[in-house]
1. Kindly list, by first and then second residue, each pair from a residue in the range 23-34 that is at pLDDT below 80 to a residue that is assigned to a loop (DSSP other than H, G, I, E, B), limited to pairs with Cβ atoms under 8 Å and residues at least 6 apart or on different chains.
2. Mind listing whichever residues of the range 28-45 are in a strand (DSSP E or B) and over 13 Å from Ala108 (Cβ atoms)?
3. So, of the residues in the range 58-80 that are more than 17 Å from Val39 (Cα to Cα) and either of a type outside the set (A, V, I, L, M) or out of contact with any strand residue (DSSP E or B) (no Cβ under 6 Å at 6 or more places or on another chain) (or both), which turns out to be surrounded by the fewest Cβ atoms within 10 Å (Cβ to Cβ)?
4. With the requirement that a residue be in contact (Cβ under 8 Å) with a residue 40 or more places away in the chain and farther than 18 Å from Tyr40 by Cβ, what does the range 75-108 give you?
5. With the requirement that a residue be β-branched (Val, Ile, Thr) and over 18 Å from Glu32 (Cβ atoms), what does the range 82-113 give you?
Amino acid sequence: MKKICGILVCFSLIITISLPVSAQEGVQKVGEGYTTEGVYYEVFAVDEMESNEITIRSIGKSVTREVIYSGIVIPSKKLSWSEKIDGANYSGTLTLSGYSHTTNNTVATYRGTLYKE
């Protein structure tokens, strides 16, 4: 019985870990491209808004972005980023807050404030 439970737990972990990032709740793909070194990447917006959090739109928007690099790489500490939010262009510099490696990818999390252009 313990062996069956152990196998089920392992199987559940494998399924959970292998789900693509875009399938997770609160995550939306917002960009993709290639680095100057030719490494493919995808960028995902991570929704971390809490019900009691106040966002001041006129000053800037605090964002968290997950960048998935193809291959095992060491991500840049800073990332210049621009995107369209609610129909307006925003840009700013995001700072690396952490990263991890999966089988064939590097997942980097960047945080910062984007300002309306």
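The values are calculated or read from the model by the stated rules, or taken from the named source; none is laboratory data. Owing to the predicted nature of the structure, the values given are computational and were not obtained by experimental measurement. Glycine gets a Cβ as well: all are built from the backbone with ideal geometry, and neighbour counts include every protein chain shown.
1. Gly26/Asp47; Gly26/Glu48; Val27/Asp47; Gln28/Asp47
2. Within the range 28-45, Gln28, Lys29, Val30, Gly31, Glu32, Gly33, Tyr34, Tyr40, Ala45 meet the criteria.
3. Within the range 58-80, the match that is surrounded by the fewest Cβ atoms within 10 Å (Cβ to Cβ) is Ser58.
4. Across the range 75-108, the qualifying residue is only Glu83.
5. Residues satisfying the conditions are Thr93, Thr95, Thr103, Thr113.
Quick grid of which residues meet (1) under 17 Å from the mean Cα position of the chain (by Cα); (2) at pLDDT 50 or above:
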site: Met1; (1), (2): no, no
site: Leu8; (1), (2): no, no
site: Asp47; (1), (2): yes, yes
site: Ile59; (1), (2): no, yes
site: Ile74; (1), (2): yes, yes
